[in-house]
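Let me begin by presenting the structure, written as structure tokens, before commenting on it.
The values are calculated or read from the model by the stated rules, or taken from the named source; none is laboratory data. What you see is a predicted model; the values in this text were computed from it and never measured. Note that we place each Cβ from the backbone using ideal geometry, even for glycine, and neighbour counts take in every protein chain shown. Please note that ligands, DNA and RNA were not included when accessible areas were found on the heavy atoms of the full protein model with its side chains. Shrake-Rupley method; radii C 1.70, N 1.55, O 1.52, S 1.80 Å.
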Amino acid sequence: NAGVTQTPKFRILKIGQSMTLQCTQDMNHNYMYWYRQDPGMGLKLIYYSVGAGITDKGEVPNGYNVSRSTTEDFPLRLELAAPSQTSVYFCASSAQSGANVLTFGAGSRLTVL
Amino acid sequence: DAKTTQPTSMDCAEGRAANLPCNHSTISGNEYVYWYRQIHSQGPQYIIHGLKNNETNEMASLIITEDRKSSTLILPHATLRDTAVYYCIVGAGGTSYGKLTFGQGTILTVHP
């Protein structure tokens, strides 16, 4: 059981480049999330999704876009990379019912130079 | 969602119990208390959660005060591998869409 899988693990981008961070889960969870974590800080919610075709903004959505075409996949797109987007990105998922117990991926470390 | 207050750091000797406190004085009646930990920049790992009653699982115990304004996570026999940042979070279950807010957490260092 793979859980939540993120790719790539590491990436260096130049300012203005674009890229997509991939996230897939095999637990049939309806809810999926993207967080970012800056050095020494807690996690901040970027976007979340409550099911295929439904997404909404979190605390820090500017500069990012998401889509949710399937239950399994929730990619995060950076259109015009900026140094302020240098961070570690975590994808997570949770089941719909009961308490919100999140399962996290291992993270994607992004550096924008 | 209610905010939490945790000590910035704590130490614990290996083999001893680690007791991590958390204050959440503005918690609402439908909000759970969750604990996660993050080991050296890995993805956060769920530990335990509770609503009103004390809870225990294979990793830890969660003690929630009767007024629900504070809680304590107990690692009964801490090991070096328990060195991590521990996050106490309060949030609703079900349709809250997982808007769990992670603060700074408590850095727990377990030493030999």
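In the range A:23-62, burial by the other protein chains removes 50 Å² or more of 1.4 Å probe accessible surface, compared with the chain on its own, from A:43, A:48.
Counting only protein heavy atoms and a 1.4 Å probe, chain B has 51 square angstrom of accessible area per residue. Taken over the range B:1-95, the ratio of Cα radius of gyration to 2.2 N^0.38 Å equals 1.04.
For the protein assembly as shown, compute Rh as the Kirkwood radius over C-alpha pairs and then the Stokes-Einstein diffusion coefficient at 37 °C and 0.692 mPa s; write the answer in µm²/s, rounded to an integer. This corresponds to a translational diffusion coefficient of 182 µm²/s. Extension gain for residue B:63-residue B:30 works out to 10.2 nm (0.36 nm per residue, less the C-alpha to C-alpha distance).
Derived value for the range A:1-103: Kirkwood hydrodynamic radius 13.9 Å. Basis is the mean of 1/r over every pair of different alpha-carbon atoms.
On the basis of the beta-carbon distance and an R0 of 45 Å, residue A:59 and residue B:109 show a calculated FRET efficiency of 0.95. Listed by chain and number, the aspartates and glutamates whose alpha-carbon sits under 15 Å from that of residue B:52, ignoring those within fewer than 8 places in the same chain, are B:31, B:66, B:67.
Label separation (residue A:44 vs residue A:28): 3.7 nm, computed from points 7 Å beyond Cα along the C-beta direction.
Taking a straight line from the alpha carbon of residue A:57, these lysines sit under 29 Å away, with near neighbours fewer than eight places off in the same chain left out: A:9, A:14, A:44, B:3, B:99. With contacts taken as Cα pairs under 8 Å at a separation of at least 6 residues, chain A carries a relative contact order of 36 percent.
Between the beta carbons of residue B:17 and residue B:42, assuming R0 = 35 Å, the FRET efficiency works out to 0.90 to the nearest 0.05. Surface burial for A against B, with a 1.4 Å probe and both sides summed, reaches about 1700 Å² of accessible area. Rolling a 1.4 Å probe over the heavy atoms of the protein chains gives chain A an accessible area of 46 Å² per residue.
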